[in-house]
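Peer 1: My questions will all concern the structure given below.
The values are calculated or read from the model by the stated rules, or taken from the named source; none is laboratory data. These numbers come from a predicted model, not from an experiment. As a convention, Cβ positions derive from the backbone with ideal geometry for all residues, glycine included, and neighbour counts pool all protein chains shown.
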């Protein structure tokens, strides 16, 4: 059985995807830490969903996509050529799938015209929390793009990581409103 602890990080460094080591406070590590946090909150929302439900499937798919995204963020520029589309590199199809899901939820859910006060029910509140964490990750990822002020220069301009996170936060917002509607409909159904 492999050990959970390796002691390789005791010197304040951590490994990127293809072996390069960077400081644990490196911008890519910070960004991935926030994406990991978002994934955990999404996991809590998924734990509240009925197993096998549409929401369970939606959130499970997002969690798998976030592994792909974190792999791309955890790759040094010299190793980007080793990335595989949809496995360790975010693709246009992944972004497009989020857009389709947003459009589908918008058709099925009345979108509020005003600001939303989170907490209508537990699942929608967790989706709103996940959305805010994804937004924070998106803000951190901006500093990773080549030519930005922070100078991390880890993601080339054509990387879709930022777009994916932007659409994901929109999807989580739409899913929160959908779950509020589902919750309201359940309360108004006559008991059998």
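Peer 1: Looking at the structure I just gave you, is residue 22 in contact with a strand residue (DSSP E or B) (Cβ under 8 Å, 6 or more places away or on another chain), assigned to a helix (DSSP H, G or I) and either at pLDDT below 95 or farther than 20 Å from residue 121 by Cβ (or both)?
Peer 2: For residue 22, the condition - in contact with a strand residue (DSSP E or B) (Cβ under 8 Å, 6 or more places away or on another chain), assigned to a helix (DSSP H, G or I) and either at pLDDT below 95 or farther than 20 Å from residue 121 by Cβ (or both) - is not met.
Peer 1: Looking at 118, 27, which is the one that is touching a helix residue (DSSP H, G or I) at 6+ places or on another chain (Cβ under 8 Å), surrounded by 13 or more Cβ atoms within 10 Å (Cβ to Cβ) and within 18 Å of residue 142 (Cα to Cα)?
Peer 2: 27
Peer 1: Of all residues in the stretch 82-110, how many are surrounded by 13 or more Cβ atoms within 10 Å (Cβ to Cβ) and touching a residue at least 40 places away in the same chain (Cβ under 8 Å)?
Peer 2: Residues meeting the conditions: 12.
Peer 1: Within the stretch 146-155, can one find any residue that is buried (at least 21 other Cβ atoms within 10 Å of the Cβ) and under 20 Å from residue 42 (Cβ atoms)?
Peer 2: no
So that you can scan it fast, the table gives a plain yes or no per residue for (1) buried (at least 16 other Cβ atoms within 10 Å of the Cβ); (2) part of a loop (DSSP other than H, G, I, E, B):
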| position | (1), (2) |
| --- | --- |
| 3 | no, yes |
| 10 | no, no |
| 14 | yes, no |
| 34 | yes, no |
| 55 | yes, no |
| 72 | yes, no |
| 80 | yes, no |
